[in-house]
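Here is the structure we will look at.
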Amino acid sequence: MKFNPGRRKFITEGTAIGVGATALAGVTQEGDAAAQAPIRWDRTADVVIVGAGASGLPAAITARDGGATVIVLEANHDIGGHAMLSGGRVPLGGGTSMQKKYGIVDSADQVYLDHTNHKDSEFRYCDRDLVRMWADENVATFEFLIENGVKFNDEKPDFVNEGTVPRLCVAQVYSPDLKETINGSPGSGIVRPLEKSARAKGAEILLKHRMTRIIRENPTSGKVLGVTARFEDKDVNIRARKGVILATGGHTSNVAFRRMFDPRLTEEYQVAGEPWTKQNGWQSAPRSAVRPTRVTIAAAESLKHVISGPVMATRI
Ligand SMILES: Cc1cc2nc3c(=O)[nH]c(=O)nc-3n(C[C@H](O)[C@H](O)[C@H](O)COP(=O)(O)OP(=O)(O)OC[C@H]3O[C@@H](n4cnc5c(N)ncnc54)[C@H](O)[C@@H]3O)c2cc1C
């Protein structure tokens, strides 16, 4: 089956989708005519995904399901990112199999209304287009998790986030083995099964590979051709025939970046998820691809609380 992401056409048109993951293909920037020095490529894949956490792993599975070859780069010595340490709380609704099992009636429209409720201090700022797309993907995303091995506690979903319908399900901790769960959190019950599914479907995950540069046709403009990753003090150049997906998490560990939004967030602040994973995020992305606005940040932050990892809400 030819890998064609349909209306999202994100590989061909390079449109950024969802909250957490940004797809880079045809991003262009004016005024940089100097051609890129010839690149010695060490590896090649159709889709290169940076980050093996809550966004990167589903992206890898979906790209494989679409027939693309996939390389996932992970800076850490293991997969999972923040999601590994997370509470594994997944409040997806719209009429999921778990809601139906407990006789709960829900719809994508009700999910949309609950997450754009102007009476709610967070949701009133949500980006309507993002929430609409997310609401429409709730059911498919929940079933996607089940299809790829995630097991939820078999109990009646609970109310959450002032929602009018019970939607909250919690993943089962993956195993009693701390080597697999890191800190015994239910989040392991989301990322370990997704890792196993991605590997079983043929996605290659390269650990301890930290992406340091996005390679484009010209030094700072033109189509994205691939990335450079640092591995054991050597640079590795990985070519992406179809696209690069940045799924590097948020910016909480990046003092300079977070102080852009709140100058009080200086270096002495503890960051949830550290030292297991450091989230510096977007540093290397082309400026034209990353223009966080206040609303997007508010939406991103609130949606993050709502959907446990961006791409779970936006299958490619
Ligand atoms: C303690 C805690 C509890 C939480 N509980 C919940 C919950 O119950 N429900 C919920 O919905 N959300 C919860 N969250 C939030 C949730 O974990 C995040 O929203 C989600 O993990 C974000 O997904 P992501 O893919 O964007 O980032 P992550 O899952 O963090 O994945 C990003 C990955 O990218 C890697 N990376 C970063 N930079 C690079 C680079 N340059 N090169 C290569 N790899 C790189 C990181 O090492 C990491 O593995 C919790 C978070 C924390 C910290």
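The values are calculated or read from the model by the stated rules, or taken from the named source; none is laboratory data. Computed from a predicted structure; not experimentally measured. When we count neighbours, we look across all protein chains shown, and the Cβ atoms used for this are built from the backbone with ideal geometry, even at glycine. For the accessible areas, the whole protein counts, side chains as well, though only heavy atoms, and no ligand, DNA or RNA atoms are used. Shrake-Rupley method; radii C 1.70, N 1.55, O 1.52, S 1.80 Å.
To the nearest 20 Debye, how big is the dipole of the stretch 139-187 about its Cα centre, given +1 on the beta carbon of each Lys and Arg and -1 on that of each Asp and Glu?
With only Lys, Arg, Asp and Glu charged at Cβ, the dipole is about 60 debye.
Given a 1.4 angstrom probe, I'd like the percentage of the accessible area of the stretch 87-135 that is carbon and sulfur, rounded to a whole number. Don't skip to the end; give the middle numbers.
Values: 1250 of 2410 Å².
The value for the stretch 87-135 is 52 percent carbon and sulfur by accessible area.
How about the stretch 131-235: which trypsin sites (Lys or Arg not before Pro) there are in a DSSP loop, with at most 15 other Cβ atoms within 10 Å of their Cβ?
K151, K201, K208
With +1 assigned to the C-beta of every Lys and Arg and -1 to the C-beta of every Asp and Glu, and no other charges, what is the dipole magnitude of the stretch 89-170 about the Cα centre in debye, to the nearest 20?
Computed about the Cα centre, the dipole is about 160 debye.
Over the stretch 89-170, with the other protein chains present, what is the accessible area per residue in square angstrom, probe 1.4 angstrom?
I get 49 Å² per residue for this part.
Nearest 20 debye, what's the magnitude of the dipole of the stretch 197-287 about its Cα centre given +1 on Lys and Arg Cβ and -1 on Asp and Glu Cβ? Walk me through the numbers on the way to the answer.
Numbers: 17 positive and 9 negative charges, 98 e Å.
I would put it at about 460 debye.
Quick check on my link table: of K201/K234; K196/K223; K101/K179, which ones sit more than 30 Å apart, alpha carbon to alpha carbon?
Where the Cα-Cα span goes over 30 Å, the pairs concerned are K196/K223; K101/K179.
Just from the alpha-carbon atoms, what are the Rg and Dmax of the stretch 89-170 in angstroms?
12.3, 37
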